[in-house]
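Laboratory data are not the source of any read-out in this text; all were calculated from the coordinates shown. Quick caveat: nothing in here was measured; it's all calculated off a predicted structure. Note that each Cβ is placed from the backbone with ideal geometry, even for glycine, and that neighbours are counted across all protein chains shown.
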Amino acid sequence: MIKPLEGILVVDFSQYLSGPSASLRLADLGARVIKIEKPESGDLCRNLYFSNLVMDNESSMFHAINRNKESYAADLKKTKDRQNVYNIIKKADVLIHNFRPNVVERLGIDYEKIKLINPTIVYAELTGYGKEGVWKNKPGLDLLIQSLSGLTQLNGNDGMGPVPIGLAVVDILSGIHLSQGILACLYRRLTQGTGARVEVSMLESAIEYQFESITCFFTDGGQPTIRPQSNSAHAYLGAPYGIYPTKDGFMALAMGSIPFIGKLIGCKFLKKYKTATSWYDQRDEIKNILATHLKTKTTSAWLSVLEPADVWCAKVMNWKELFDEEAFKILNMIQKVNRTNGYKYETTRCPIQINGTWLTSTTGSPILGEHNKKIENEFLQS
């Protein structure tokens, strides 16, 4: 299969998670991604651990987010190395970075400079908070931006205090938004022959992520967010939306008619909540009744009643349970990739399918500077 972005060259200066997640998606779609890394230390994510798991002497996070890329080690403070990088950029279609404001000027890769080298390049930059304002130099760390953006007030039960999402969700979201902007500008470049500057901030991505709740906030006069007292899964949705303990585990219940659910599960106390308005205004009462009743039988017993009646529900599973499911196995979501030194590991594949074909690659993350000779022979020969 010829992938959609084959022939597209991406020069990627980004580090950590947000920018590299954008270039990973472009690589999955067929683009050639060359990581420009500082000699000796490389992408700082190589040594950024979110667990004590070490994979081939580096962080598991680095391996997960940088598969299918090449590594070119260059010190941009050295004239020769910088010129070598400029020669690569001359032939590039996309440049990505996620440095803080003013750093690119010191490194000589600011937009005005790069535009002179390659006028039609798509120049993509990702910041924590934008390039203006009093927050512009704050560290663009996922947890900090979750906290500042209001995102932590939506999770957990009322009275628990702020609860962050247990993933670097803002990093990934901003990377997705950056890749979307890049793809749009690549299309315009193809059709109109013009370059572009794409800018995304993590804060704006986190705010846009909450578009439903923020729209409610402005529509209802700025009422405070009130989470359910128990079994919360969404700060704004009414009962039964939430996760409930059963006799042997947990189950999720989404939207549905409360009296109808009550009839199915044999809970007469739910019959009086006849109006949709009550499912919001009295959601804590309803959830307490549901939570007590659902503990009386197993998850599978409840699912056998609710699913045939088209009530939206599901068993709550951990990864081991999920991976043992036939529904998961048929997706082939896990792929085996290889580093050139022989190290192998398993990771997820791209979730996009094109013309019935999954976008996979067996190429693992690059060793620091391993492609220098190959790239110099290709791009730097006179």
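For the stretch 282-382, compute the number of Lys pairs whose alpha carbons are separated by less than 29 Å, excluding pairs fewer than 8 positions apart on the same chain.
Within the stretch 282-382, the lysine pair count is 20.
Measure nothing fancy, just the Cα-based angle from helix 169-192's long axis to the longest principal axis of the chain, in degrees from 0 to 90, nearest 10.
For 169-192 against the chain, the angle is about 50 degrees.
Which whole number of Å³ per residue matches the convex hull of the alpha-carbon atoms in the stretch 277-382?
Values: hull volume 28.1 nm³, N = 106.
Dividing the Cα hull volume of the stretch 277-382 by its residues yields 265 Å³.
Could you pull out every residue, at least 5 positions away or on a different chain, whose amide H is within less than 5 Å of the one on Ile354? Hs are placed 1.01 Å off N in the peptide plane, and Pro or chain starts have none.
Those qualifying (amide H under 5 Å, at least 5 residues apart or on another chain) are Leu359.
Given R₀ = 35 Å, what would the calculated FRET efficiency be for Lys272 paired with Val163, taking r from the Cβ atoms and rounding to 0.05? Kindly include the intermediate steps, with their values, before the conclusion.
Details: r = 32 Å, r/R0 = 0.91.
Efficiency computed from Cβ-Cβ geometry: 0.65.
Which residue fluctuates the most in the chain, going by a Gaussian network model with Cα springs under 10 Å, if the choices are Pro224, Pro162, Pro20?
Of Pro224, Pro162, Pro20, the most mobile in the Gaussian network model is Pro224.
Pairing the Cα long axis of helix 79-89 with the longest principal axis of the chain, what angle in degrees results, from 0 to 90 and rounded to the nearest 10?
Helix 79-89 sits at roughly 60 degrees to that axis.
Restrict the search to the stretch 307-376; then list the chymotrypsin sites (Phe, Trp or Tyr not before Pro) that DSSP places in a loop and that have at most 14 other Cβ atoms within 10 Å of their Cβ.
Listed in order of number, the matching sites are Trp312.
Give the residue list of GluC sites (Glu not before Pro) in the stretch 35-103 that are DSSP loop and have at most 10 other beta-carbon atoms within 10 angstrom. Please list the in-between numbers first.
Numbers: sites: Glu37, Glu40, Glu58, Glu70; in loops: Glu40.
Passing both the DSSP loop test and the Cβ count: Glu40.
If you stretched the chain out fully between Asp284 and Gln83, how much longer would it get, using 0.36 nm times the residue separation minus the C-alpha to C-alpha distance?
Values: separation 201, 0.36 × 201 = 72.36 nm, distance 6.41 nm.
Residue separation times 0.36 nm, minus the Cα-Cα distance, leaves 66.0 nm.
Rank Tyr280, Ala314, Met333 by how far each Cα sits towards the positive end of the charge dipole of the stretch 230-382 (+1 on Lys, Arg Cβ; -1 on Asp, Glu Cβ) and give me just the farthest.
Tyr280
Where does each of Met333, Met160 land when they are ranked from fewest to most other beta-carbon atoms within 10 angstrom? Could the numbers behind the result be given before it?
Working: Met333 15, Met160 11.
Taking fewest neighbouring Cβ atoms as first place, the list is Met160, Met333.
Between the alpha-carbon centers of the stretch 50-67 and the stretch 170-195, tell me the distance in whole angstrom.
Their Cα centres are 27 Å away from one another.
Please compute the length gained on full extension between Glu326 and Lys344, using 0.36 nm multiplied by the number of residues separating them and subtracting their Cα-Cα distance.
Difference between extended and current length: 4.0 nm.
If the cut-off is a Cα-Cα distance under 18 Å, which aspartates and glutamates reach Lys268, setting aside same-chain residues fewer than 8 apart in sequence?
Asp284, Glu285
Work out the length of the dipole vector of the chain about its Cα centre, built from +1 on the beta-carbon of each Lys and Arg and -1 on the beta-carbon of each Asp and Glu, and round it to the nearest 20 debye. The partial results should precede the final answer.
Values: 44 positive and 39 negative charges, 41 e Å.
So the magnitude is around 200 debye.
How much length, in nm to one decimal, is gained on full extension between Ser361 and His234, taken as 0.36 nm per residue of separation minus their Cα-Cα distance? Before the final figure, lay out the partial values.
Working: separation 127, 0.36 × 127 = 45.72 nm, distance 3.65 nm.
The span from Ser361 to His234 would gain 42.1 nm if fully extended.
What ranking of Leu95, Leu48, Leu294 emerges when the number of other C-beta atoms within 10 Å of each C-beta is taken as an exposure proxy, fewest first?
Details: Leu95 29, Leu48 15, Leu294 23.
Ordered by Cβ neighbours within 10 Å, fewest first: Leu48, Leu294, Leu95.
Give the average over all directions of the projected area of the C-alpha convex hull of the stretch 242-324, one decimal, in nm². Don't skip to the end; give the middle numbers.
On the way: hull surface 21.5 nm².
If I average the Cα hull's projected area over directions, I get 5.4 nm².
Quick check: pseudo-label points 7 Å beyond the Cα along Cα→Cβ at Glu376 and Ile2, how many nm apart are they?
Once both label points are built, they end up 3.4 nm from each other.
Rg and Dmax in Å for the stretch 202-298, alpha carbons only: what are they?
Just the Cα atoms of the stretch 202-298 yield Rg and Dmax of 15.2, 48 Å.
Hey, could you grab the Kirkwood Rh for the stretch 77-219? Inverse mean 1/r over distinct alpha carbon pairs, Å, one decimal.
On the way: mean 1/r = 0.0591 Å⁻¹.
Its Kirkwood hydrodynamic radius stands at 16.9 Å.
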